[in-house]
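Engineer: If you scroll down you'll find the structure; I have some questions about it.
The values are calculated or read from the model by the stated rules, or taken from the named source; none is laboratory data. None of these values were measured; they are calculated from a predicted model. Counting neighbours? That spans all protein chains shown, and the Cβs are built from the backbone with ideal geometry, glycine included. Surface areas here come from the heavy atoms of the whole protein model, side chains and all, with no ligands, DNA or RNA. Shrake-Rupley method; radii C 1.70, N 1.55, O 1.52, S 1.80 Å.
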Amino acid sequence: MKIIRNTVYIGSYLIFCLSCTQSEKTNEITEEQNTEQTVDLEEIESFDQFLIEFGEDSIFQKSRIEFPLSYYTFDIEDNREEYTIPESDWLYEDFTMDKEASKRKVDAYKPVVESKNSKEATYLRKGIDNGIRIEYHFKFLEDKWMLNKVLDYSN
């Protein structure tokens with residue numbers, strides 16, 4: 001009888017120890033997954049932060065454009081003309097002064113981030129009482145934002 005009782009105690013103790021060990025392993029795995037998810041979320045580039053660097057840094061800007069870049073212009077009758085800009089012809093587009101552009105006496109415009117989601121965003125230079133309207137279209141490709149086309153509706 002003592003042998004059976006001792007066997008039951010030892011068996012119960014082993015089952016208890018194994019279940020505790022399994023619970024600790026499950027908690028470790030869950031913590032690792034949470035850490036990985038946090039790192040992934042931190043690694044995702046926000047459009048707002050990207051746009052600041054894109055507007056300030058000419059080297060960064062050039063590295064974040066899909067060349068040859070599609071550039072569209074529209075005439076007064078909405079006829080579209082398409083140009084492609086190779087990397088060698090790209091001129092740095094300074095976005096640092098856009099916040100102050102609405103205060104200009106000539107060629108004033110308002111910068112607007114129009115449609116923005118996790119995969120696409122449009123940065124718009126919208127003229128104030130003038131014919132300026134330029135749209136910069138960005139796409140989130142792989143793990144970074146890239147300028148993929150420009151639509152110039154200005155007249």
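Engineer: Among the residues that make up the stretch 18-31, is at least one of them open to solvent by less than 70 Å² (accessible area, probe 1.4 Å), modelled with pLDDT of 95 or more and of a type outside the set (A, V, I, L, M)?
Structural biologist: No, the stretch 18-31 contains no residue that is open to solvent by less than 70 Å² (accessible area, probe 1.4 Å), modelled with pLDDT of 95 or more and of a type outside the set (A, V, I, L, M).
Engineer: Here's something else I'd like to know. Going residue by residue through the stretch 83-94, is there one that turns out to be of a type outside the set (A, V, I, L, M, F, W, C) and closer than 17 Å to Ser46 by Cβ?
Structural biologist: no
Engineer: How many residues does the stretch 108-118 contain that are open to solvent by 70 Å² or more (accessible area, probe 1.4 Å) and modelled with pLDDT of 95 or more?
Structural biologist: Looking only at that region, the number is 1.
Engineer: Just one of the numbered conditions (1) free of Cβ contacts under 8 Å to residues at least 40 places away in the same chain; (2) open to solvent by less than 50 Å² (accessible area, probe 1.4 Å); (3) out of contact with any helix residue (DSSP H, G or I) (no Cβ under 9 Å at 6 or more places or on another chain) is not true of Asp89; which one?
Structural biologist: (2)
Engineer: Mind checking whether some residue in the stretch 60-73 is part of a loop (DSSP other than H, G, I, E, B), hydrophobic (A, V, I, L, M, F, W, C) and surrounded by 10 or more Cβ atoms within 10 Å (Cβ to Cβ)?
Structural biologist: no
Engineer: Could I ask something else about it? Please find, within the stretch 119-130, the residue that is farthest from Arg104 (Cα to Cα) out of those that are part of a loop (DSSP other than H, G, I, E, B) and open to solvent by 90 Å² or more (accessible area, probe 1.4 Å).
Structural biologist: Lys119
Engineer: Let me ask something else. For the structure I just gave you, tell me whether Asn34 is at pLDDT 50 or above, farther than 30 Å from Asp143 by Cβ and either open to solvent by less than 90 Å² (accessible area, probe 1.4 Å) or in contact with a Cys (Cβ under 8 Å, 6 or more places away or on another chain) (or both).
Structural biologist: No: the conditions fail for Asn34.
Engineer: Pick out the one residue from Glu142, Glu135 that is more than 9 Å from the chain's Cα centre (by Cα) and at pLDDT below 95.
Structural biologist: Matching residue, one of Glu142, Glu135: Glu142.
Engineer: If you don't mind, there's one more thing I want to ask. What about Lys2, is it modelled with pLDDT of 95 or more and open to solvent by 70 Å² or more (accessible area, probe 1.4 Å)?
Structural biologist: Spelling it out, it is not the case that Lys2 is modelled with pLDDT of 95 or more and open to solvent by 70 Å² or more (accessible area, probe 1.4 Å).
Engineer: Oh, and also: Kindly check whether there is at least one residue in the stretch 74-82 that is of a type in the set (Asp, Glu), surrounded by 17 or more Cβ atoms within 10 Å (Cβ to Cβ) and over 17 Å from the mean Cα position of the chain (by Cα).
Structural biologist: No, the stretch 74-82 contains no residue that is of a type in the set (Asp, Glu), surrounded by 17 or more Cβ atoms within 10 Å (Cβ to Cβ) and over 17 Å from the mean Cα position of the chain (by Cα).
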